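Structure, as structure tokens:
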Ligand SMILES: Nc1ncnc2c1ncn2[C@@H]1O[C@H](COP(=O)(O)OP(=O)(O)OP(=O)(O)O)[C@@H](O)[C@H]1O
Ligand SMILES: [Mg+2]
């Protein structure tokens, strides 16, 4: 167990009730992630990796068990506190991007910034992040449906970084990228980790997992 945990799970179970019967996506998972760690989560398709990442990101409450962020039990937080945690402390790159189709790429990245600061970005941060992930100013005017999967992924990465989160959770962040761009993104994540950010990456790709200092394996909803 890490010495200085930022996320702790105690016997976390997540059940999806379905008409055909309950799916136990996570089964009594106990683990911790240290402040400033770089962790990869691996495991077969359907094993519960995205479900686990959703729990780490407080996107969903556990069916049973406890989740602590920075030592605070999320069960004791109200919706407003959880929203603030997601906006200020956690950056999330979704497996299916979850960009807003009606907004341009630029506006998608600016959106969490506006929610946090209540004013437009005057520092050029949005444009800088977009350029760092390889989206130029012309492309930034396009809406997600007009972009390729890889371009949408880069926009999603810039959006996750815009509020400079302490914890960055990435679900297959390089899944739609060519290997060169994928490496650039991983170098970017490594740089953020060196600056003290906690990085958790779900991946099928051993080349991506190599960047992490610890690998957590999920099988049938259980962490080994
Ligand atoms: N919203 C949901 N409703 C019902 N069942 C779900 C839901 N999300 C996931 N599941 C089920 O929970 C299990 C774990 O799914 P999860 O998406 O966490 O897997 P994964 O490891 O991320 O897979 P992949 O590598 O394909 O992304 C699967 O059996 C899946 O069908
Ligand atoms: Mg998944």
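The values are calculated or read from the model by the stated rules, or taken from the named source; none is laboratory data. Everything numeric here is computed off the predicted structure, so don't read it as measured data. Backbone-built Cβ (ideal geometry, glycine too); neighbour counts: all protein chains shown.
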Test: residue in the stretch 208-219 that is in a helix (DSSP H, G or I), more than 16 Å from the chain's Cα centre (by Cα) and within 16 Å of residue 40 (Cβ to Cβ): no
Residues located in the stretch 96-123, provided they are surrounded by 17 or more Cβ atoms within 10 Å (Cβ to Cβ) and within 16 Å of ligand 2 (Cβ to nearest atom): 97
Qualifying position, being farther than 28 Å from residue 33 by Cα and part of a helix (DSSP H, G or I), among 140, 156: 140
Residues satisfying the stated conditions in the stretch 153-180, i.e. closer than 19 Å to residue 212 by Cβ, over 14 Å from the mean Cα position of the chain (by Cα) and either surrounded by fewer than 19 Cβ atoms within 10 Å (Cβ to Cβ) or at pLDDT 90 or above (or both): 179
Single match in 73, 88, 66, 78 (criterion: farther than 18 Å from residue 163 by Cα, more than 16 Å from ligand 1 (Cβ to nearest atom) and in contact with a helix residue (DSSP H, G or I) (Cβ under 7 Å, 6 or more places away or on another chain)): 66
Options 150, 134; residue that is closer than 23 Å to residue 123 by Cα, touching a residue at least 12 places away in the same chain (Cβ under 8 Å), surrounded by fewer than 21 Cβ atoms within 10 Å (Cβ to Cβ) and not assigned by TED's automatic domain parsing to the domain that holds residue 36: 134
Strands (runs of 3 or more DSSP E) within the stretch 20-93 that include 1 or more residues surrounded by fewer than 17 Cβ atoms within 10 Å (Cβ to Cβ): 21-34, 64-69
Residue match in the stretch 10-19 (condition: within 30 Å of residue 194 (Cβ to Cβ), within 16 Å of ligand 2 (Cβ to nearest atom) and surrounded by 21 or more Cβ atoms within 10 Å (Cβ to Cβ)): no
